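Novice: Sharing a structure, written as structure tokens. Questions coming.
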Amino acid sequence: MISFNLKKYFYCSRKKWLIAIIVLLVLAVILKYIVGYDFLPVGKQLTLWDYIFASLSYPFAMLLVIPLLYCYLVADIITKDYEGGYVTFLLSRSSCRLEYFLSKVIIIFVTSNIFFFIYLMILFLVGLIYGIPSNGASYFTVTSTILESGGTIFNAIIMQYSLFVTLLYLLGILSVTVSLIFNKSLYSYIFIAGLILHGHNTVFNNHNNLPYSPLAQGIMSFHYPFYYRGLNNMTEISESIQRFSIGYSIVYLSLLLFVFFLVGFIRIRTMNLFLKD
Amino acid sequence: MRKDENILVIKGLEKSFKGQLILQDVNLSISKGEIVGIVGSNGSGKTTLLKLILGLSYPEKGDIMVRGKRVFPGLLGDLPTRVGALIENPTFLPQFSGIKNLTMLASIRKEIGKSDIENAMKEMGLDPNNKKAVSKYSLGMRQRLGIAQAIMEKPELVLFDEPTNGLDSDGVELFSKVVNRMKAEGVSFIIVSHRKDEIDSLCDTIYKIENRGLHKVNEYPASFKENVE
């Protein structure tokens, strides 16, 4: 069931992925021109790793474009099956609905990984095409903090990967669950839009809510200790920010992921998979 | 499974949809190699009954047992096994050929090989070497492919909903041959159809869904039987 559903998903979603890649490419180009404004001192050169990590933490991308784009890729992976009646062919070959649901959950995990690496590659390529140097002083809070504390870019990529993929995995499960509850993938977008508004308010108006906004968890530069460094050690850091670490976010996102997985499974376990509820 | 053993047993089945009772106190037993036909007016619940047997939906009351296994939500959302089905219009992956579609579906259970798939297609008069995409198939060809996918994995129970929809006379003849061949091998069928001739020539027992219940047609007066469509 898993290999079948993976093949079917990528076959049916080729156009969607092509659109997603184009959007990510355009996003990467736009970010090349704007990310530096927030942290780069006047007259200093943007480096490749600063560009990549600042892009991966840029609120416009992480709060708006990435969540909607990923939702577009996976929200209908179950509803499409039963809207078209294809689910008859699948369930008549399956021993239980959990098997079917798990195969979709695995698709979400695989696609969240692919999405991250495609985005990373696009950022890298855009950086190379624009001739952004890979060497030089780092000014972005994530890269400078990690490098100055003896870490490497590889450490930063691992941290970023964990945050990004866990967030996408959650958004995927959430989208599928919401679309199952309402029998339409459109409702997933509405739910994601709610999260975007909450994330926007958190990031731009009230940083004390950072630990509670699902989308803000994906912004690495807002985590402790990067956030602290980003303020040039000048501001007193509130307790809520101090506990907003990478580890906290991964646990928080994983818990939400588990909850939405359970809700999704409970829903699909008994629902009508042909007739609209 | 013994020859006289029932492959499907339905007891006291009840199903509502959007607050409206569709099926009530439905009872049905099908033994190995038996072909049951179900007729009824539009919206009477014929297709719903097939969906319930397949586990696409679960009943509010009553039991469905397929090959001795209960079809109910349970812990994991249990589904019947060794059941083939063609319910309503078959939807395939449109850009793939017929054989590619069936090969992909067969990869879920991994129980049959390429030759079994080809044989099922040939039996329904389809050329396995035809590379034409399913999107370019006629309604009749798609229906033949739908029948082939339902029978290719040698199921013990096959559910057909209006199986001859869109089939020409050759297609109907091939379908009848397939059903009779499989019946001789002990495969049971439920065929939902509006076509009286199909029901008469193929089925051992005919039921009609009326007033939410399932009634044996040969228990009705002859004048009623004449009017069954």
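The values are calculated or read from the model by the stated rules, or taken from the named source; none is laboratory data. Not measured: the values here are computed from a predicted model. Note that each Cβ is placed from the backbone with ideal geometry, even for glycine, and that neighbours are counted across all protein chains shown. Calculation scope for accessible area: heavy atoms of the full protein, side chains included, ligands and nucleic acids excluded. Shrake-Rupley method; radii C 1.70, N 1.55, O 1.52, S 1.80 Å.
Novice: Would you jot down the residues in region B:71-87 that end up with at least 50 Å² less accessible area in the complete protein assembly than in the chain alone, with a 1.4 Å probe?
Specialist: When all protein chains are present, B:76, B:79 each give up 50 Å² or more of accessible surface.
Novice: Right, another one. With just the Cα atoms of the protein assembly as shown, tell me how far they stretch along each of the three principal axes, in Å, largest first.
Specialist: That gives 96, 47, 36 Å along the principal axes, largest extent first.
Novice: Could you give each residue of region B:179-190 its phi-based ³J(HN,Hα) in whole Hz, using Karplus coefficients 6.51, -1.76, 1.60 with θ = phi - 60°, and x for Gly or Pro?
Specialist: 4, 5, 5, 6, 4, 4, 8, x, 7, 9, 9, 10
Novice: Can you give the accessible area per residue of the protein assembly as shown, in Å², using a 1.4 Å probe?
Specialist: Values: 21360 Å² over 506 residues.
Per-residue accessible area for the protein assembly as shown comes out at 42 Å².
Novice: Which whole-number percentage describes the relative contact order of region A:133-211, with Cα contacts under 8 Å and a sequence gap of 6 or more? Could the numbers behind the result be given before it?
Specialist: Values: 29 pairs, mean separation 9.8, N = 79.
That works out to 12 percent.
Novice: Further, regarding this structure: Taking θ = phi - 60°, what integer Hz values does the Karplus form 6.51 cos²θ - 1.76 cosθ + 1.60 yield along region A:210-218, in sequence order, with x for Gly and Pro?
Specialist: 3, x, 10, 8, x, 6, 5, 4, x
Novice: Another question, if that's okay. What order do B:11, A:8 take when sorted by accessible area (1.4 Å probe), most exposed first? Please list the in-between numbers first.
Specialist: Working: B:11 130, A:8 20 Å².
Sorted descending by solvent-accessible area, the residues read B:11, A:8.
Novice: Tell me: how much accessible area in total is hidden between A and B, 1.4 Å probe, Å², nearest 100? Mind showing how you got there, number by number?
Specialist: Working: alone 13050 and 11410 Å², together 21360 Å².
Accessible area lost upon association: around 3100 Å².
Novice: Excluding residue A:90 itself, calculate the net charge of residues whose Cβ lies under 12 Å from the Cβ of residue A:90, where each Lys or Arg counts +1 and each Asp or Glu counts -1.
Specialist: Working: positive: A:8, A:80, A:93, A:97, A:104, B:109; negative: A:81, A:99.
Net of charged neighbours comes to +4.
Novice: If you don't mind, another one. Does anyone have the angle between helix B:114-123 and the longest principal axis of chain B? Alpha-carbon axes, 0 to 90°, nearest 10?
Specialist: 70 degrees
Novice: Can you pull the one-decimal nm distance between simple spin-label points at residue B:60 and residue B:21, each 7 Å off the Cα toward Cβ?
Specialist: About 0.9 nm separates the two model spin labels.
Novice: Sequence-distant or interchain residues sharing an amide H contact under 5 Å with residue B:214, placed H: which?
Specialist: Amide H neighbours of residue B:214, under 5 Å, 5+ apart: B:27.
Novice: Right, something else. What percent does the relative contact order of chain A come to when contacts are Cα pairs within less than 8 Å and at least six residues apart?
Specialist: Working: 320 pairs, mean separation 71.7, N = 277.
Relative contact order of chain A: 26 percent.
Novice: In addition: Rounding to the nearest 10 and keeping the result within 0 to 90°, find how far the Cα-based axis of helix A:97-129 lies from the longest principal axis of chain A.
Specialist: 30 degrees
Novice: Classify region B:169-208: rounded, prolate or oblate, from the alpha-carbon gyration tensor (a ≥ b ≥ c, eigenvalue square roots; a/c under 1.5 rounded; otherwise prolate if a/b is larger than b/c)? Show your work: numbers first, answer last.
Specialist: On the way: a/c = 2.31, a/b = 1.10, b/c = 2.10.
Taking the square roots of the gyration eigenvalues as a ≥ b ≥ c, region B:169-208 is oblate.
Novice: Expressed as a whole percentage, what fraction of the accessible surface of the protein assembly as shown belongs to carbon and sulfur atoms when a 1.4 Å probe is rolled over the protein heavy atoms? Write down the numbers at each step before the final one.
Specialist: Working: 12360 of 21360 Å².
C and S fraction of accessible area: 58 percent.
Novice: Another question, then. Mind giving me the nanometre distance, one decimal, between the label points for residue B:130 and residue B:75, set 7 Å out from Cα along Cα→Cβ?
Specialist: 4.7 nm
Novice: Related question: Just to check I understand the Karplus step: with θ = phi - 60° and J = 6.51 cos²θ - 1.76 cosθ + 1.60, what whole-Hz values come out for region B:125-136, glycine and proline as x?
Specialist: Taking θ as phi minus 60°, the curve returns x, 9, 8, x, 8, 5, 8, 4, 5, 4, 4, 9 Hz for region B:125-136.
Novice: Could you tell me the calculated FRET efficiency between residue A:125 and residue A:248, based on Cβ-Cβ distance and R0 = 35 angstrom, to the nearest 0.05?
Specialist: Numbers: r = 33 Å, r/R0 = 0.93.
After rounding to 0.05, the efficiency reads 0.60.
Novice: At a 1.4 Å probe, which residues in region B:125-161 are at least 30 Å² less accessible with all protein chains present than in their chain isolated?
Specialist: B:149
Novice: I'd like the orientation of helix A:186-204 relative to chain A: the angle between its Cα long axis and the longest Cα principal axis, in ° from 0 to 90, rounded to 10.
Specialist: 20 degrees
Novice: Non-local amide H neighbours of residue B:39 (under 5 Å, H modeled in plane, Pro and chain starts lacking H): which ones?
Specialist: B:207, B:208, B:209
Novice: Another question, then. What residues of region B:140-165 lie in the reach of a label at residue B:111, counting those whose backbone N is under 16 Å from a point 7 Å from the Cα along Cα→Cβ?
Specialist: Label zone hits: B:148-159.
Novice: Another question, if that's okay. With only Lys, Arg, Asp and Glu charged, each at its Cβ (+1 for the first two, -1 for the last two), find how big the charge dipole of the protein assembly as shown is about the Cα centre; round to the nearest 20 debye. Each step should come with its number before you reach the end.
Specialist: On the way: 50 positive and 40 negative charges, 96 e Å.
Rounded to the nearest 20 debye, it is 460 debye.
Novice: When you count, for each residue, the other Cβ atoms within 10 Å and take the mean per peptide, how do B:58-68, A:43-53 rank with the highest first? Intermediate results must be reported in sequence, preceding the final value.
Specialist: Working: B:58-68: 17.1, A:43-53: 20.4.
Descending packing order for the listed peptides: A:43-53, B:58-68.
Novice: If contacts are Cα pairs under 8 angstrom and at least 6 residues apart, what is the relative contact order of chain B in percent? Kindly include the intermediate steps, with their values, before the conclusion.
Specialist: Values: 436 pairs, mean separation 61.9, N = 229.
Relative contact order, chain B: 27 percent.
Novice: Listed here are the pairs A:8/B:136; B:51/B:136; B:69/B:136; which of them are more than 31 Å apart at the Cα?
Specialist: On the way: A:8/B:136 19 Å; B:51/B:136 28 Å; B:69/B:136 39 Å.
Beyond 31 Å: B:69/B:136.
Novice: At residue B:204 and residue A:270, where each label point lies 7 Å from the Cα along Cα→Cβ, what is the point-to-point distance in nanometres?
Specialist: Label-label distance for residue B:204 and residue A:270, simple model: 3.6 nm.
Novice: Please figure out what share of the DSSP beta bridges in the protein assembly as shown is antiparallel and state it in percent, rounded to the nearest 5. Don't skip to the answer; put the middle values down first.
Specialist: On the way: 21 of 39 bridges.
So the antiparallel bridges amount to about 55 percent of the total.
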